[in-house]
Amino acid sequence: AQSVTQPDIHITVSEGASLELRCNYSYGATPYLFWYVQSPGQGLQLLLKYFSGDTLVQGIKGFEAEFKRSQSSFNLRKPSVHWSDAAEYFCAVGAMGRDDKIIFGKGTRLHILP
Amino acid sequence: DAGVTQSPTHLIKTRGQQVTLRCSPISGHKSVSWYQQVLGQGPQFIFQYYEKEERGRGNFPDRFSARQFPNYSSELNVNALLLGDSALYLCASSLAVGSSYEQYFGPGTRLTVT
């Protein structure tokens with residue numbers, strides 16, 4: 001069965017520091033992979049997605065993610081975080097069936113220290 | 001351009017009651033999906049509708065039902081509410097069916113069952 005694991009429930013980094021959020025997935029074939037961000041009172045916003053091709057994907061707000069098939073990972077990175085990046089981050093996999101169901105991880109809450 | 005809109009924003013119901021949540025997709029989008037997000041968890045897929053037909057259903061009991069109207073708006077109905085139905089209900093719309101089409105999420109309806 002498809003699943004997504006985000007091993008870190010909370011992560012705290014200082015403003016200006018680099019960030020890496022971990023994500024591992026379980027899927028039988030090459031998956032569609034996503035990272036979403038959710039701020040309080042907001043819906044989910046797509047940061048970036050991987051379907052095929054270059055394994056290093058650039059997204060919005062300065063985020064990037066790297067697909068590593070051998071490790072079944074799709075980690076999210078940002079070289080320098082801003083206070084406005086504090087939010088909940090969800091890694092997700094798209095099931096390629098009759099529907100477009102997205103399977104989400106449990107999320108990682110990012111806290112930023114001033 | 002207006003994004004995905006959902007109503008109401010918040011709702012409080014009593015166990016055993018019935019509730020209807022509404023979603024208006026982005027103009028031109030023909031697919032609507034519903035997700036349930038329990039506190040501390042990632043969203044879980046409930047339904048997807050495309051051109052008024054159900055394309056997919058997640059692992060939810062028959063108390064959950066939905067429909068899509070000719071204008072592509074959608075309603076999610078939940079009967080015989082349980083305490084465990086308390087959650088944020090998210091609606092997402094996309095242009096069509098296919099995982100390559102980005103799903104745009106609304107801000108959600110917060111349902112509290114007492």
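The values are calculated or read from the model by the stated rules, or taken from the named source; none is laboratory data. Small disclaimer: the values here were computed from a predicted structure and weren't measured. Counting neighbours? That spans all protein chains shown, and the Cβs are built from the backbone with ideal geometry, glycine included.
Within segment B:66-95, being within 13 Å of chain A (Cβ to nearest Cβ) and either on the phi > 0 side of the Ramachandran plot or touching a strand residue (DSSP E or B) at 6+ places or on another chain (Cβ under 6 Å) (or both) holds for B:Ala66, B:Leu88, B:Tyr89, B:Leu90, B:Cys91, B:Ala92, B:Ser93, B:Ser94. The set of residues from segment B:105-114 being surrounded by 19 or more Cβ atoms within 10 Å (Cβ to Cβ) and either within 8 Å of another protein chain (Cβ to nearest Cβ) or among the hydrophobic types (A, V, I, L, M, F, W, C) (or both) comprises B:Phe105, B:Gly106, B:Gly108, B:Leu111, B:Val113.
Restricting attention to segment B:22-54, the residues that are away from every other protein chain (no Cβ under 14 Å) and either of a type outside the set (Lys, Arg) or within 15 Å of B:Ser86 (Cβ to Cβ) (or both) add up to 2. Per the conditions (1) buried (at least 21 other Cβ atoms within 10 Å of the Cβ); (2) under 10 Å from the mean Cα position of the chain (by Cα); (3) within 14 Å of B:Thr109 (Cα to Cα), the sole criterion not satisfied by B:Arg22 is (1). Filtering segment A:17-49 to residues that are more than 18 Å from B:Gln103 (Cα to Cα), surrounded by 13 or more Cβ atoms within 10 Å (Cβ to Cβ) and of a type in the set (Gly, Ala, Ser) leaves A:Ala17, A:Ser26. Scanning segment B:51-70 turns up one or more residues that are within 20 Å of B:Gly28 (Cα to Cα), modelled with pLDDT of 95 or more and in a loop (DSSP other than H, G, I, E, B).
Quick check: anything in segment A:81-100 farther than 26 Å from B:Val4 by Cβ and either touching a strand residue (DSSP E or B) at 6+ places or on another chain (Cβ under 7 Å) or at pLDDT below 95 (or both)? Checked against the condition, which is being farther than 26 Å from B:Val4 by Cβ and either touching a strand residue (DSSP E or B) at 6+ places or on another chain (Cβ under 7 Å) or at pLDDT below 95 (or both), segment A:81-100 yields at least one hit. Please find, within segment A:64-95, the residue that is farthest from the other protein chains (Cβ to nearest Cβ) out of those that are surrounded by 17 or more Cβ atoms within 10 Å (Cβ to Cβ) and either of a type in the set (Asp, Glu) or out of contact with any Phe, Trp or Tyr (no Cβ under 7 Å at 6 or more places or on another chain) (or both). Residue satisfying both the conditions and the ranking: A:Val81. The strands (runs of 3 or more DSSP E) found wholly in chain A and carrying at least 2 residues that are without any contact (Cβ under 8 Å) to a residue 40 or more places away in the chain occupy A:44-50, A:56-58, A:64-68.
Looking across segment A:96-113 at every residue that is aliphatic (A, V, I, L, M) and more than 14 Å from chain B (Cβ to nearest Cβ), the one that is farthest from A:Val4 (Cα to Cα) is identified as A:Leu113.
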